[in-house]
Amino acid sequence: MNYKNHVYQPNLRGNEKKYVSECLNSTWISSKGEFIKKFEQNFSELISVKHSAAVSNGTVALHIALLALGIGNGDEVIVPTFTYIASVNAINYTGAKPVFVDSDIATWQIDPWKIKEKITTKTKAIMVVHVYGHPCDLHVIKKIADENHLFIVEDCAEAIGTFYKNNHVGSVGNISTFSFFGNKAITTGEGGMVSTNDSDLNELVIRIKGQGLAKGREYFHDIIGYNYRMTNICAAIGCAQLERVQEILDKKRKLAEWYITGIKESGLQYHMSIGNIIHSYWMFTILANSESDRLKLRKFLGDNGIETRPSFHPVHKMPMYDEGEKYSVAEELGNRGINLPSYPDLTKTDVEFITDKINKFYSSSGSGK
């Protein structure tokens, strides 16, 4: 289908081509080059952490973060079921068991008050996922983690520009991960970052992503590692994106304001900003009145050239992770959620067109309600 408004498309109108050309001209196109270190340093400054290590994608970042914390066979990692499946798959890669927790109905994030009941003697970490750009309640979760001597892994794949009590997410936990896939706030095409304030953890992350190379010795490997490195070309794109990150984030927040104003007439619920936080609105997400309503609304919008996508299916409903448990809030969010076009180049006119169609759907006889 030819869409007038796509769910997402990157903005690449800065120095991306210039910096990539510099890579090609210099022949530094693989995992060494000046742009990698520059990207890592500039990203650390953006989120106010001491160390960042660029990797090949966001899922890889999660895998490395867990390995660096020593998580493996026999361990359990608490994780929200309402998340993209990469969060859970990465836990499984290590041999650890993902233990699911339901979402908070207000924030749509992992419910901190339900974490305690899932802690066992095997629990080693809590993975918090800042879903769609709204932060988790890190103050409560950190208190729980400290009381039970657990690590916190922050999955910030969707949360560049998200703040919790004046701190950028990714700066509170023991280790954090980011994604730069093509639909993220800033992109490198494919890419990720592992960030931490712990120098020893950072050194281990660097070794793991580089085939387990021993520090200070050429071609000597003393741990099992992986080829999880980012290329200089990807980092070059990332450097150009970082130069304009605030402009992109400001546009996305303005986009959310237009949506909030535009859908008032429909009375639809949307992913609200709750508490002393900054919601980066990676995706602007609404809740249809029911699952069947969502199907009809998405078809109606698609017929009008508006691409949408469903919210995440809770991971506990996936065949390989389904143990018969129910998580009512996550299931409701998964059944009713719709991601609307959320890329920074959308204009106010575009958003008015989209919200006008939503309002017409709900006001027309026999539709929606």
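The values are calculated or read from the model by the stated rules, or taken from the named source; none is laboratory data. The model shown is predicted, which means the values in this text are computed figures rather than measured ones. Note that each Cβ is placed from the backbone with ideal geometry, even for glycine, and that neighbours are counted across all protein chains shown.
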Seminar exercise, completed: Subset of region 299-318, residues under 23 Å from the mean Cα position of the chain (by Cα) and either over 21 Å from P344 (Cβ atoms) or surrounded by fewer than 21 Cβ atoms within 10 Å (Cβ to Cβ) (or both), comes to E307, R309, P310, F312, H313, P314, V315, H316, K317, M318
Problem set entry | Restricting region 152-176 to residues that are among the polar types (S, T, N, Q) and touching an Asp or Glu at 6+ places or on another chain (Cβ under 8 Å), the residue that is nearest to H271 (Cα to Cα) | S176
Exercise. Quick one: which of D146, D102 is over 30 Å from I286 (Cα atoms) and not small (G, A, S)?
Worked result: D146
For this session: Find the strands (runs of 3 or more DSSP E) located wholly in region 128-219 whose residues include 2 or more that are modelled with pLDDT of 95 or more and within 10 Å of the chain's Cα centre (by Cα), and list them.
Result: 151-155, 175-179
Exercise. Is there a residue being touching a Lys or Arg at 6+ places or on another chain (Cβ under 9 Å), closer than 27 Å to N167 by Cα and surrounded by fewer than 17 Cβ atoms within 10 Å (Cβ to Cβ) anywhere in region 276-284?
Worked result: yes
Seminar exercise, completed: Selection over region 261-270 where residues are assigned to a helix (DSSP H, G or I) and surrounded by 17 or more Cβ atoms within 10 Å (Cβ to Cβ) yields a count of 2
Exercise. Is there a residue being more than 30 Å from G337 (Cβ to Cβ), surrounded by 19 or more Cβ atoms within 10 Å (Cβ to Cβ), out of contact with any Leu (no Cβ under 6 Å at 6 or more places or on another chain) and of a type in the set (D, E, K, R) anywhere in region 48-64?
Worked result: no
For this session: Determine whether region 35-51 contains at least one residue that is acidic (D, E) and over 27 Å from Y281 (Cα atoms).
Result: no
Exercise. Just wondering, is there one or more residues in region 110-117 that are free of Cβ contacts under 8 Å to residues at least 60 places away in the same chain, surrounded by 21 or more Cβ atoms within 10 Å (Cβ to Cβ) and not in a strand (DSSP E or B)?
Worked result: yes
Exercise. Hey, does region 253-260 have a residue that's crowded, with 23+ Cβ neighbours inside 10 Å and within 30 Å of I29 (Cα to Cα)?
Worked result: no
